[in-house]
Amino acid sequence: MIQQNAKIQISVVPRSAKARIAVSETGAVKVHLTSPPTEGRANEELISLLARRLHVPKSSIAILAGLKGRTKIVGIEGISKEEALALLAQDRA
């Protein structure tokens, strides 16, 4: 079996009123986080939020680039990019 790995560019908006994920028709992903971008708290919240939405363990998600920036490249093991974008685009209450 071939192991699939997704690599997705994500724009992060820290200190939002509500945590949410938005995917545009072009596939651009924007994640609003409630955590401040200090001491890695926003990165931790991003990984937790993605793990819940994608149904993968947090250990399967890594921030490959942009640890201290608002634009990040995130790697996700065990899921294709197409599957990941489809799950992220689902509306959740």
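Data table
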read-out: Scan of region 1-57 for residues that are basic (Lys, Arg), under 18 Å from residue 68 (Cβ atoms) and touching a helix residue (DSSP H, G or I) at 6+ places or on another chain (Cβ under 9 Å), ordered by number; value: 15
read-out: Qualifying residue in region 29-39 (condition: small (Gly, Ala, Ser) and either in contact with a Phe, Trp or Tyr (Cβ under 7 Å, 6 or more places away or on another chain) or surrounded by fewer than 16 Cβ atoms within 10 Å (Cβ to Cβ) (or both)); value: no
read-out: Test: residue in region 38-45 that is free of Cβ contacts under 8 Å to residues at least 40 places away in the same chain, charged (D, E, K, R) and at positive phi; value: yes
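Each row is one residue, and each column tells you yes or no for (1) in a loop (DSSP other than H, G, I, E, B); (2) touching a strand residue (DSSP E or B) at 6+ places or on another chain (Cβ under 6 Å).
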site: 18; (1), (2): yes, no
site: 44; (1), (2): no, no
site: 47; (1), (2): no, yes
site: 72; (1), (2): no, yes
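Since every read-out is calculated from the coordinates, none of them should be taken as a lab result. Nothing here was measured: the structure is a model prediction, and the numbers come from that model. Because the Cβ atoms are built from the backbone with ideal geometry, glycine has one as well, and the counts that use them run over all protein chains shown.
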